[in-house]
Structure formats: C-alpha cells, structure tokens
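Have a look at the structure below before the remarks.
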Amino acid sequence: MSGVILEADDLHLRFGGVQAANGASLKVAANERIAIIGPNGAGKTTFINLCTGYLKPQSGRVVFNGQDVTRLSPQAITRLGIGRSFQIPQLFLDNTVIENLLLALSAREGSWSPFLAMQRHPKAGEMWALLDLVGLKETGNRIVRELPEGMRKLIDIAVALALEPRLIFMDEPTSGVSSTEKFQVMDTLTRVLDARATTAVFVEHDMDVVARYASRVAVWTGGRIAHQGTPEEILSHPEVRETVIGVGV
Ligand SMILES: Nc1ncnc2c1ncn2[C@@H]1O[C@H](COP(=O)(O)OP(=O)(O)OP(=O)(O)O)[C@@H](O)[C@H]1O
C-alpha cells in the first residue's frame, strides 16, 4: 500500500479478563476514508484510544509519519497531526461554539486564554472561517447546550479540525443524529475533509453511511480486524452480513 501515513501493528491490550485489542493492525493511506464496523464490545473505541494516546498497549506499536507515537500523550499526538472526535461530543456546554474552538486551539498551543480574551484571539478569524466551512457560522455565538445533537457532532469535529490534523479518528460521527440529519452531517464532513486533504478513520454503526462515505471498510471482531475491503465487498460478504450486520450493527 503506497502513501501510508499511519500503521498500527499488532496491538494488544487486556482489561482484566477482556482482550480488548488482540493483534489489532491497520495501515491507513493518505486521503482514505476508512469505516470501522463491528459488534458492540469488539474493541473499536479501544483501537481509536490506542492510536490517539488515550490508552497504551501492552504490546505492539503505532507509527505515524514514520514516528513511533505509541507511548506519547494524547496532547503530543494531537500536535503531531492526529485529531479525534468522540462518541459523545467533548464540549464545554455552557460556552459558545467559538469559545470551544478557541479553547481547543489554546490547549494545543499549551496556553490557556481566558474566556474574556477569546474574541480577540489571533486565530479568531480562522475559527470563524472553519465554522463557515462546516455551515455553522450563524451558531458561533450560541451556547453549545442549546444546540441539537447533529450540530454538536459537527462542532466537536470542527474542534478537532481546528487543530489541523492530517488524520482524524471519529467515534460514531452520526450516533445520536436523526436519520434525516445524518446524510447532511456526513456530506458537510466529507466536504471539509476533502477541502483540507484530511484522512479519516471513523467507527460507524449505520450501514447506509458506510456504503455512501467509506472508501474502505474494516470489520472488527474480538479486538482485531476480521475482514477488510471496499464497502461493496464487505457489505455483501455473507459472514459479515450474518455475524455483524445481522446482529444490528
Ligand atoms: N477502561 C476499560 N476498563 C475495562 N474494560 C474496558 C475498558 N474499555 C473497554 N473495555 C472493554 O473492552 C471491550 C472493548 O470495548 P470497546 O469500547 O473498545 O468496544 P467497541 O467495539 O467500541 O464497542 P461499542 O460498539 O459498544 O462502542 C469491551 O468488552 C469493554 O467492556
């Protein structure tokens, strides 16, 4: 595979009696859109946590752009260019959208800008441009708590993108989003990722979303990949249909 930017190699992590990563390996090439699917408890979130520094494996390694990042902190990994968004958006609910974006940026720079100085932040212009790109410019001054889940998802992703990652891991970008909003959220997201040449790996339970937006699908079971291929190959694979899709992924 050419243009590999991230390689996770043979990751193992056990929580008590649960082998959450059991030889998890994945190569990610620039500009891919990889969907990770699999049953509950298969180790999908654990894999994201291992690649983004939130968990450390008992063995195996993660290499990003030729650098071993396995033991680095989440902040150090973020600074190197790996972003992530969460299943439940990690936002300051009582602050405005733009304050959330600026705080993320301040955190990356290792500073803590007081909220009152936010609007004068040197990057404020850039943040408004990013909000415009995700179609949320009108909401910049709204308090996050007041916004619907679909918007919060996009804001959480915008917070990750504010840090200008080359690669972003997204844990269920459409969970909690209504079925009418999900394609809108994903269309916006794809447009922004394309505009910024950002590679993406996302956990997804919605097979319509997988079919429409993934360039490759990795099927997770028992802490590692059981199958991978194009959406067409994977979504028509008899074993995947029976063991993964059939159980209500
Ligand atoms: N911090 C933890 N401590 C103990 N066990 C954990 C921890 N995190 C995950 N696990 C266990 O590891 C296994 C894999 O969990 P993980 O959340 O990675 O699965 P998942 O595929 O993301 O599931 P879901 O689709 O439900 O989000 C599960 O059995 C889970 O209970």
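The values are calculated or read from the model by the stated rules, or taken from the named source; none is laboratory data. In this text the structure is predicted, and so the values were computed from the model without any measurement. Cβ: placed from backbone, ideal geometry, glycine included. Neighbour counts: every protein chain shown. Side chains included, ligands, DNA and RNA excluded: accessible areas come from the protein's heavy atoms. Shrake-Rupley method; radii C 1.70, N 1.55, O 1.52, S 1.80 Å.
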Original post:
Quick one: which helices (runs of 4 or more DSSP H) sit completely within the stretch 142-231 and have at least 2 residues that are within 30 Å of Ala76 (Cβ to Cβ) and more than 16 Å from the ligand (Cβ to nearest atom)?
Top reply: 149-162, 179-195
Original post:
Taking Gly16, is it more than 21 Å from Asp156 (Cα to Cα) and open to solvent by 50 Å² or more (accessible area, probe 1.4 Å)?
Top reply: yes
Subject >> Among (1) modelled with pLDDT of 85 or more; (2) touching a Gly at 6+ places or on another chain (Cβ under 8 Å) - the single one Glu149 does not satisfy >> reply: (1)
**OP:** Within the stretch 25-54, count every residue that is within 13 Å of the ligand (Cβ to nearest atom), on the phi < 0 side of the Ramachandran plot and open to solvent by 40 Å² or more (accessible area, probe 1.4 Å).
**Re:** 3
**OP:** Would you be able to say whether some residue in the stretch 75-85 is open to solvent by 50 Å² or more (accessible area, probe 1.4 Å) and among the aliphatic types (A, V, I, L, M)?
**Re:** yes
Original post:
Does Thr188 satisfy the criteria of being among the β-branched types (Val, Ile, Thr) and in contact (Cβ under 8 Å) with a residue 40 or more places away in the chain?
Top reply: yes
**OP:** Considering each residue of the stretch 168-212, count those that are more than 18 Å from Leu26 (Cβ to Cβ), open to solvent by 10 Å² or more (accessible area, probe 1.4 Å) and not β-branched (Val, Ile, Thr), and give that number.
**Re:** 20
Original post:
Looking only at residues in the stretch 60-95 that are of a type in the set (Gly, Ala, Ser) and in contact with a helix residue (DSSP H, G or I) (Cβ under 6 Å, 6 or more places away or on another chain), which one is farthest from Leu26 (Cα to Cα)?
Top reply: Ser85
Original post:
Just one of the numbered conditions (1) in a helix (DSSP H, G or I); (2) over 17 Å from Arg166 (Cα atoms); (3) out of contact with any helix residue (DSSP H, G or I) (no Cβ under 7 Å at 6 or more places or on another chain); (4) in contact (Cβ under 8 Å) with a residue 40 or more places away in the chain is not true of Ile48; which one?
Top reply: (2)
